[in-house]
Amino acid sequence: AKRDGSSINLRPAFGSSNQFLYLISNRRVYAQVLQVNVEEDRLMRVVASADREAAFESINVLHNTLSLNADRSRLCFTSRAGGAYVFHLWDTKRNREAIAHRLPMDFSAVFESALSPDGTRIAFAATRSNQVDLWLWAPVEGVPRRLTDDPFVEGEPAWTPDGRALAYTGNRN
């Protein structure tokens, strides 16, 4: 941070080796998703930048939506564009966006997300109709599916290594 002028460096997620990681930073004032070579302490690429593209109007800094699948071939993160939350799936092998999915406007916040081990589904905590619940989105299906529907707050989804189940936190007794 002293060298590059950043004051926020959050959500590190290691890539296919321990040589590089992805993180959210404000190295250029606006939030960015960066790929950094850890061994050489060198910026490898800017994956997304709020100051460069309208599609990344606002990158979610305060909540952990940065995650990788098991083989580290897909990176998931959220941004806001045109007032809506957008899930981005980044192909780490080709270094380009694979899919962008805009959530319906009635999602007022997206908190944490977790990309499934096989990279085909995203579990996430979000506020819709003043209620925080867990949701599941599979790009091939197109529409997010609510997993919980109650007055309690659920969050921090985490996939089992085989991708067959989710663990999450909640505030129910």
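Looking at Gly119, Gly163, just one residue is assigned to a loop (DSSP other than H, G, I, E, B), buried (at least 20 other Cβ atoms within 10 Å of the Cβ) and among the small types (Gly, Ala, Ser), and that residue is Gly119. Considering segment 136-173 alone, what residues qualify as being farther than 18 Å from Leu66 by Cβ and among the small types (Gly, Ala, Ser)? Of everything in segment 136-173, those that are farther than 18 Å from Leu66 by Cβ and among the small types (Gly, Ala, Ser) turn out to be Ala138, Gly142, Gly163, Ala165, Ala167, Gly170. For segment 51-69, state whether one or more residues are among the hydrophobic types (A, V, I, L, M, F, W, C), under 19 Å from the mean Cα position of the chain (by Cα) and modelled with pLDDT of 80 or more. There is at least one residue in segment 51-69 that is among the hydrophobic types (A, V, I, L, M, F, W, C), under 19 Å from the mean Cα position of the chain (by Cα) and modelled with pLDDT of 80 or more. Among the residues of segment 123-140, those that are surrounded by 11 or more Cβ atoms within 10 Å (Cβ to Cβ) and assigned to a loop (DSSP other than H, G, I, E, B) comprise Ala138, Pro139.
The values are calculated or read from the model by the stated rules, or taken from the named source; none is laboratory data. In this text the structure is predicted, and so the values were computed from the model without any measurement. Heads up, the Cβs are rebuilt from the backbone with ideal geometry, glycines too, and the neighbour counts pull from every protein chain shown.
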